[in-house]
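K.L.:
Pasting a structure below so you can have a look.
Just so it is clear, none of the values below were taken in a lab; they were calculated from the coordinates. Note that this is a predicted model, so its numbers are computed, not measured. For neighbour counting, all protein chains shown are included, and Cβ atoms are generated from backbone atoms with ideal geometry for every residue, glycine included.
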Amino acid sequence: MTGRGGERGGGERIAAAAIKRGDVVWQLPAPNRHHNVIHLMAESGLPTPISGVQGFVTDGGRFVDRVEGLQIAKDAGQIIRECGDTSQLYSENLW
């Protein structure tokens, strides 16, 4: 089955790097990385060091952690390179 842009899979795709702090999800679209989200959060006045769960937002608007994000990205054929801990997704894997 092919999804958008001829990629494999027809389900969700990873769309943005994100950090979930409490009930709020801070996100920036590709090609931003988590450090860009951290910078945004700090500039918005949150106390540093910034804390929260690092993950991703899917094209459906759902926050997922790095482990679930890896499976979604694999299923969607989004992985362009291997790096870091191979049990988790990193933005460097995607863009």
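K.L.:
What number, rounded to the nearest 500 deg cm²/dmol, is the helix-based mean residue ellipticity at 222 nm of the chain, given -39500 (n - 2.57) per DSSP H run of at least four residues and division by all its residues?
P.N.:
-7000 deg cm²/dmol
K.L.:
Next question, about the same structure. Over the chain, what is the mean sequence separation of C-alpha contacts under 8 Å (at least six apart), divided by residue count, expressed as relative contact order in percent?
P.N.:
Working: 167 pairs, mean separation 28.7, N = 95.
Result for the chain is 30 percent.
K.L.:
Label ARG62 and ARG33 with points 7 Å out from Cα along Cα→Cβ: what is the distance between them in nm?
P.N.:
Roughly 2.8 nm, to one decimal.
K.L.:
Also: Taking every Cα atom in the chain, find the radius of gyration and the maximum pairwise distance Dmax, and write them in Å.
P.N.:
13.4, 45
K.L.:
Suppose every K and R has +1 on its Cβ and every D and E has -1 on its Cβ; what is the size of the dipole of the chain about the Cα centre, in Debye to the nearest 20?
P.N.:
About 100 debye.
K.L.:
Using 0.36 nm per residue of separation minus the Cα-Cα distance, give me the extension gain between ASP23 and ILE80 in nm, one decimal.
P.N.:
Result: 17.4 nm gained on full extension.
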